[in-house]
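Written below as structure tokens is the structure these notes are about.
Taken together, the values in this text are just the output of simple stated rules run on the coordinates, not laboratory data. The structure displayed is predicted, hence computed values, not measured ones. For neighbour counting, all protein chains shown are included, and Cβ atoms are generated from backbone atoms with ideal geometry for every residue, glycine included.
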Amino acid sequence: MFDATRVVRAGLPPPRQGEPFLPGPVLAAPYHLSGDPAGVPYTYGRFQNPTWAHFENALGELEGGPAIVFASGMAAVTAVFGVVLRPGDVVVLPSDAYYTTRRLASDYFAAMGVQVRMAPTAGDAQRDCLDGARLLWLETPSNPQLDVCDIEALAAAAHRAGALVAVDNTTATPLAQQPLALGADISVASDTKALTGHGDLLLGHVALRDDALAERVRTWRTQTGSVPGPFETWLAHRSLATLDVRLERQCASALAIARHLASRADVTGVRYPGLPSDPAHPVASRQMRRFGSVVSFVLADRERAERFLARCRLVTESTSFGSMHTTAERRARWGGDAIPEGFIRLSAGGEDERDLVADIEQALG
């Protein structure tokens, strides 16, 4: 079955006469529950919800393993760390991973006795840090620098060292990259971004190859209360049906923008894994089916970058990425990443690529 068909049909319940294709959100904390609760599918709103179940079934179909939905991407990341890591364990992270993931590891889990090792995504440098590791955390393409690592090779090396492998697949989504099929044990994503793609909700998920580990992650969600709202989950499932259509447009626009930026002498450091000239392209083309919506590049300095963003008419200055609205930001304004002051992360939306390229051209002046 092709991707466009899969996302439209994923997670839908069996058809019933007079019922909607996708049932509406179930807004409930308690359910009718008489006598022995054993075997009752829905008992209390922090434990289970039929709206979660439909969306998790959809995610499981796309990811290739059981999925658990969370209130945000960072709630999903925290669940993996919390379930897998114990005092004395070693976690290996990309030094260029999402800043909040690095802070979570170094500020909280390190204080609990977890040893944190970091190495760059590029060149599979984390391979040299695996001795004694409990968890290898990968992020590919990395955010915001868009470096790519070889998931299959690193997963094999980590498993030989006795470590589990988790991949932050937010930038790619399961339509562009399949971490579980490439050997990872865990796939994690912020569904706030491209998976749902409308910039109107916070959500995340964890998908796993192992049912027992999935149950431990599900128990973590129940016990910590990091549960998503039913309405947000329903919105996410509704939005999932357009993922293939959205990605087709966004990836094509991102490539057109990257090509245009690379042609300008006043723009440096253009990164997009879909560019044949990009250093990540050889690995990305082996393990990715699409290259995502995000492009990064560098302008001369902070002033030049801020002037560019202020002059854009169709590119909205905003954080986050993956929305149907094209957005960009001077990423160094947040701190925490080893990037130049003029570094721009741009996320191509659903607008016509010709309009976007024209807008970028006039904004660069």
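Worth a mention:
- Ratio of Rg to Rh over the range 177-222 (Cα coordinates, Kirkwood Rh, two decimals): 1.04
- Taking a sphere under 12 Å around the Cβ of residue 3 and counting the other residues whose Cβ falls inside, with K and R at +1 and D and E at -1, yields a net charge of +2.
- Contact order for the chain, expressed relative to its length and based on alpha carbon pairs under 8 Å spaced 6+ residues apart, stands at 17 percent.
- A straight line joining the Cα centroids of the range 302-340 and the range 125-191 runs 27 Å.
- Rg/Rh ratio calculated on Cα atoms of the range 182-268 (Kirkwood radius): 1.13
- Using 0.36 nm per residue and subtracting the Cα-Cα separation, the extra length available between residue 156 and residue 1 on full extension is 52.9 nm.
- Debye-sum result for the range 52-146 in log10 I(q)/I(0), which assumes one identical scatterer on each alpha carbon, at q = 0.15, 0.16, 0.23 Å⁻¹: -0.65, -0.74, -1.18
- Alpha-carbon centroids, the range 93-120 and the range 264-299: separation in whole Å: 26
- Cα→Cβ-extended label distance, 7 Å offset, between residue 95 and residue 268, nm: 2.0
- Mean shadow area of the chain over all directions, Cα convex hull, nm²: 19.3
- Across the range 27-88, the relative contact order, built from alpha-carbon pairs under 8 Å that are at least six residues apart, equals 18 percent.
- Across the range 253-358 the C-alpha pair distances fall into 10 Å bins from zero in the proportions 15, 49, 32, 4 percent.
- Beta bridges by DSSP in the chain, antiparallel share as percent, to the nearest 5: 55
- Cα-projected label distance for residue 128 with residue 259, points at 7 Å along beta-carbon direction, nm: 3.8
- Extending 7 Å from the Cα toward the beta-carbon at both residue 181 and residue 333 defines two label points whose distance is 3.8 nm.
- The chain: most fluctuating residue of 66, 94, 23 per GNM, C-alpha cutoff 10 Å: 23
- Compactness of the range 1-113, expressed as Rg and Dmax over alpha-carbon positions, Å: 18.8, 56
- One way to sum up the overall shape of the range 217-282 is the equivalent ellipsoid from its Cα gyration tensor, whose semi-axes run 38, 17, 11 Å, largest first.
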